[in-house]
Structures are given as C-alpha cells and as structure tokens.
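Note sheet for the following structure.
The values are calculated or read from the model by the stated rules, or taken from the named source; none is laboratory data. Source: prediction; values computed, not measured. Here the Cβ positions follow ideal geometry from the backbone for every residue, glycine too, while neighbour counts run over all protein chains shown. What goes into the accessible areas is simple: the full protein's heavy atoms, side chains included, and nothing from ligands, DNA or RNA. Shrake-Rupley method; radii C 1.70, N 1.55, O 1.52, S 1.80 Å.
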Amino acid sequence: ASEQMSAAREEAGRANAQLDGAKREVSRLERALDEARQSRGEHERHADQARERLAGHFRSAGFVVDEAPDGREAAWLASEYPCDIAIVDLGLPDVAGIELIRGWRGDGLAMPILILTARADWQDKVGGLEAGADDYVTKPFYLEEVEARVRALLRRVEGRRSSVADYGTLRIDFSARR
C-alpha cells in the first residue's frame, strides 16, 4: 500500500508539473496575443497615415481619389464606380492584396494596377505582376516617383506616349493639367 501511495504521489507531482507548465504556456500565449493586437493596431494606424499621405499628394496634384481602408471596401468601390487606376498594398487587413487583384482581373476589370508595398522579395514582385498588376513599387518610396509611375500607366491606357497631345490648333499638356 505504501508503494501505491508513493507511486500516486509521484504521479500527482508529474501532473502538477505539467499543469504548471501548461499555465505558463497559456500565460505566454496570452501575452503574445496582446502584443500582436497592439502591433496590428499600430500597423493599421501607420497604414491609415500612409494612405492619407498618398491620397493627399494625389489630390494636390489634381487627381480625384477614392480611398479604401481594406480589401472589401476596395473591391466594392471598384465594382460600383469606374476607376482609372488602382494603387494596392499587398498587406491589407482583411483580404490579401494579391487576391483582390486576381478578383478584379477575374471580373474583367482592366484598369491599371500599381502595387505599393513593403514586400520587396523578387518572388512577391513576380507574383504581383503575374496576378495582374501593371507595376510594383516597394516601400519606402518617393511620392514623386509613384506619381510619375501612375501618370505613365495612365498614358499607356489612354494610348499616349507623351504627356502632351496635339489636336490641330489645340494642345493639351496632361501633366500640367492645362
């Protein structure tokens, strides 16, 4: 009987040690989850600021800009309103940017798409372009470069090689908006 008691005590000790280990692991996972939530919130705030900065730049350059904070909103905007060009971040909070692009192309939307993302690996670039994007710019970036690329994409869609078009006595400089 004493051997059985001793074995039972050893088993209880092992069970308590496992329980303590499990409690420590749960505590560690809860802290990691809290950190991830804080990091995600910080990332979303940073993404909002970057989107607002980009939209503000294009508005001041004379463009009409619609903003979408996530992929669902972007998909809806593109399906409901004609758009001349889309600038897409691959790291959207709800839908992968690459899936958004594939969806648009699958739906027959032909507007130019420029990917603007922190993902700089060549595999991401190839994947984005093969999914249907027309250009790919990595962060950090210069607003002027992104604007120049947008203007170049729009010229191609409009069938122009130059930002100036002559129509008899009428000359339009699209880059100067006059």
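Descriptive notes on the structure:
Per-residue answers, yes or no, for (1) outside any helix (DSSP H, G or I); (2) open to solvent by 90 Å² or more (accessible area, probe 1.4 Å); (3) more than 22 Å from TYR142 (Cβ to Cβ):
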site	(1), (2), (3)
GLY13	no, no, yes
HIS46	no, yes, no
ARG51	no, no, no
LEU90	yes, no, no
MET111	yes, no, yes
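- Top-ranked residue of region 53-75 - restricted to ones that are of a type in the set (Gly, Ala, Ser) and closer than 20 Å to LEU100 by Cα, ranked as surrounded by the fewest Cβ atoms within 10 Å (Cβ to Cβ): ALA55
- Condition broken by ALA86, with the remaining ones in (1) open to solvent by less than 70 Å² (accessible area, probe 1.4 Å); (2) touching a strand residue (DSSP E or B) at 6+ places or on another chain (Cβ under 8 Å); (3) at pLDDT below 95 satisfied: (3)
- Against the test of being surrounded by 13 or more Cβ atoms within 10 Å (Cβ to Cβ), without any contact (Cβ under 8 Å) to a residue 60 or more places away in the chain and among the small types (Gly, Ala, Ser), the options ALA32, ALA78 yield a single qualifying residue, ALA78.
- Of the residues making up region 92-109, those that are surrounded by 21 or more Cβ atoms within 10 Å (Cβ to Cβ) and either outside any loop (DSSP other than H, G, I, E, B) or among the hydroxyl-bearing types (Ser, Thr, Tyr) (or both) are GLY97, ILE98, LEU100, ILE101, TRP104.
- Taking (1) on the phi > 0 side of the Ramachandran plot; (2) modelled with pLDDT under 95; (3) surrounded by 14 or more Cβ atoms within 10 Å (Cβ to Cβ) in turn, SER163 satisfies each apart from (1).
- Residue count for region 113-160, restricted to those that are open to solvent by less than 30 Å² (accessible area, probe 1.4 Å) and either of a type in the set (S, T, N, Q) or part of a loop (DSSP other than H, G, I, E, B) (or both): 3
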